[in-house]
Every structure is written in C-alpha cells, then in structure tokens.
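Presented below is the structure to which this report refers.
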Amino acid sequence: MRTGILISLLAFGGVSLVARPGLGQSIRCGDRIVSVGDTAYELRQRCGPADETTVVRDFRVITVRNGEGLAARRGIDEDVEVLIYAGVSGDLLRIVEVRRGIVRSIRTGDRVTSRDRQGCGAATVLPRRATTGEVRLACGTPADVSRWIEDRAIQVDGQSFERQIEIERWVFDPGPGNLLRILQFENGRLVRTTTGRRSAARGRR
C-alpha cells in the first residue's frame, strides 16, 4: 500500500470502514474518522451509540514481583467492550474493540441479515466465538435465556490458574416443527451450538 493512499472498504449511511497506512483500520462517521488508539469517548462522540454492545472477559497471564523482587505469574481477567455498528440488510458489520477506554481494533464482520428473522434456524451461520451482540443482530431475541457462574481451573504453559466463567445459554425457537437451536456463551463469546427437540410452538391461525 502506497503512503498517503486511503482505501475505502465500504460505505453506507454516512459511515464507512477505511484502512490507513501505519494506523490500521478506522471508522468514518460522516466527515469524522475514529482510528485505533483513539478513546472510547471520541468513538461515541463521532459515531454515536453502537447498535449492540457486549462486554467480554479475556484472560491473560502477567508477571508480578513482590517486595523482595521475586517474580510470580498471576492470571487476571480483563473486561473488553465490543461495540458493533450495523447498517441495513446486506451491509457489513463494523466491530470495534475497546480495552481500558482505548480503541484497540476495528474489523468487519458478517453481512447484516434481514430484520425479518426466523428464530436463528439452521440456515443462519454464526461466526466462531461470536459475541452476544453479533448473535443478537443475526438472530434476534432468544426465546429463553439462562445464566450461571462456574469456577474452573485452566492450564497455561503447564501452570494451573483459577478462573470464574460467566455462562449464558440461549434457546432460539425457529417455529413449529423446526429443531430448537441452543447456543452457549462463556464470558460473552459463543463456544457451543447444539439443537434441541422440535418446537412445540403452535403455528399462526
């Protein structure tokens, strides 16, 4: 990519996603641009509220030192805000990741589906590790939601760490005679998709 060239990847509704040399990707909102490294305040001020916002929890291992200078590895969870800007049916999602109040990444997602959704049936393809916000835009509101918390031990480079996992189970009902679709999220990201029994819902008269 030549220096100084600005490549527009998409444009709709006065908002576009662009790539700029050395700065990564940016969102254009009207005549204003928000880039990686800008604050979350600048993002919201220039682009307005997101269509969907999800707080996911990422795990990482850090090295800390005590008063005697001895190093120890410790696992920490960090909340990451994922904001999704959507256009109309057929447009690409713009997904912005904010860590500690700073825009850390901007990427495009799948195309926005029709607002006339059919309960997240088998034909609806969901991205790997999609956020709850991405799924809600693709599938609409689930018929049922269950939430609980589990404590788990995980292994990182041979060392065990305790972690708290927030779990959500969403059930979508595609309609009479169709299989229920059951999605499980961990700390805001999709980890499992299964099917249940056929819907017992009554059809419209």
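Since every read-out is calculated from the coordinates, none of them should be taken as a lab result. Since this is a predicted model, take the numbers as computed values, not measurements. With ideal geometry, Cβ positions are generated from the backbone for all residues, glycine too; neighbour counts draw on all protein chains shown.
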Task: segment 114-205: relative contact order as a whole-number percent, Cα under 8 Å and 6+ apart - done: 26
Task: For Ile95, Ile76, Ile149, order by how many other beta-carbon atoms lie within 10 Å, fewest first - done: Ile149, Ile76, Ile95
Task: HN-Hα J in Hz across segment 172-177 - Karplus 6.51, -1.76, 1.60, θ = phi - 60°, x for Gly and Pro - done: 10, 10, x, x, x, x
Task: Where GluC sites (Glu not before Pro) fall in DSSP loop in segment 47-93, at most 13 other Cβ within 10 Å - done: Glu68
Open item on the list: If I model a spin label at Glu42 and Val61 as a point 7 Å from the Cα along the Cα→Cβ vector, what separation in nanometres do I get?
Closed with: 3.5
Open item on the list: Once each part is reduced to its C-alpha centroid, what is the distance from segment 170-186 to segment 37-75 in angstrom?
Closed with: 32
Open item on the list: So if each residue of separation counts as 0.36 nm, and I subtract the Cα-Cα distance between Val191 and Ser105, what length gain in nm does that give?
Closed with: 28.8 nm
